[in-house]
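K.L.:
One structure coming up, written as structure tokens, with questions to follow.
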Amino acid sequence: MSAISLYAKASPDFEQKLAASLALLKSAAAQYSPLTQASSLGCEDMVVTHLMHEAGLDKTSASIFVLDTGMLHLETVALIERIETRYPSFKVDVYRPDADAASNFVEENGEQAMYKSLRLRKQCCHIRKMEPLERALAGKKGWLTGLRREQSNARAEVPDVEMQTVQDGGQTVERAKINPVANWTLGDIWHYISINAIPYNPLHDQFFPSIGCAPCTRAVTLGEDFRSGRWWWESESAKECGLHVAADGTHEAQEPAAFEPLSSIIPIREINA
């Protein structure tokens, strides 16, 4: 059973949502240039990339980047080439962690450090995601995400546009975070993928609704929420890597009492650090 056959079901007001998303993208490109999309290569971000294309955005008005953590599934990485083939007006910029920092972290803490404590997991996320993100966003006035309010309690109040005060090049600046599918349902996402034949990660067909690094992602079972397969050994409030956590520490969580090793839940392939 494919994710499309399982999930694709548009909301009654889908056409209005689509029109609003396209209008928001056009407005964002006009107001917040240079604009970039932070693509996780998940289903929502593949939809945002197609929306950018439909809105008439191209490499002159916006860019796309991916954070290749060095621990992504092969199926995820393969989407980069598929994006550039499908949307030749865009080139995907790939940002990777500092090789020495990643190697030293594994050497000091082991390949399964993320399961040992919340502190180590967040340190891993910082090396592989947060530091590369800072480089990717340098000089950008706005960035696009695939966040949806339906995804989790922590994202229930995601705005269409959020103005962020950040440090960029030693200066305090305002940067817009634009969420063009914030009010879309999962059914809307897969409906749009279906009617536009948008490429997507085949892991979605294997019950991976939310896909991150291979050691921190598992398939979900019937009745579990969309993000239950991410950092499943941690409490609900901890399930963010830092990319979408407020600067004031909102949603920061306490250390989990225990963790369950990945090998006892779902097997994964070997991934080089």
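Each reported figure results from applying straightforward, stated rules to the coordinates on display, with no laboratory input. Note that the structure is predicted; figures quoted are calculated from it, not measured. Cβ coordinates were reconstructed from backbone atoms using ideal geometry, including for glycine residues, and neighbour counts include every protein chain displayed.
K.L.:
I'd like the residue in region 104-145 that is touching a Lys or Arg at 6+ places or on another chain (Cβ under 7 Å) and charged (D, E, K, R) and, out of all such residues, is nearest to residue 161 (Cα to Cα).
P.N.:
Across region 104-145, the extreme among qualifying residues is 141.
K.L.:
Can you list the helices (runs of 4 or more DSSP H) found entirely within region 3-85 that contain at least 2 residues being more than 25 Å from residue 129 (Cα to Cα) and under 17 Å from the mean Cα position of the chain (by Cα)?
P.N.:
It comes to none.
K.L.:
Oh, and also: Which condition number does residue 103 fail, the rest of (1) surrounded by 15 or more Cβ atoms within 10 Å (Cβ to Cβ); (2) in contact (Cβ under 8 Å) with a residue 40 or more places away in the chain; (3) among the small types (Gly, Ala, Ser) being met?
P.N.:
Every listed condition holds for residue 103 apart from (1).
K.L.:
Sticking with this one: When you go through (1) under 22 Å from residue 53 (Cβ atoms); (2) surrounded by 19 or more Cβ atoms within 10 Å (Cβ to Cβ) one by one for residue 195, which number turns out not to apply?
P.N.:
Condition not satisfied by residue 195: (2).
K.L.:
Would you pick out the residues in region 18-62 that are on the phi > 0 side of the Ramachandran plot and touching a Ser or Thr at 6+ places or on another chain (Cβ under 9 Å)?
P.N.:
Within region 18-62, the first condition is being on the phi > 0 side of the Ramachandran plot, and the residues that meet it are 41, 56.
Matches in region 18-62: 41 only.
K.L.:
Also, quick follow-up: When the residues of region 146-180 are filtered to those that are among the β-branched types (Val, Ile, Thr) and under 16 Å from residue 27 (Cβ atoms), which remaining residue is surrounded by the most Cβ atoms within 10 Å (Cβ to Cβ)?
P.N.:
Applying the filter and picking the extreme gives 178.
K.L.:
Further question on the same structure: Do we have any residue at all in region 211-229 that's surrounded by fewer than 21 Cβ atoms within 10 Å (Cβ to Cβ), touching a strand residue (DSSP E or B) at 6+ places or on another chain (Cβ under 7 Å) and in contact (Cβ under 8 Å) with a residue 24 or more places away in the chain?
P.N.:
yes
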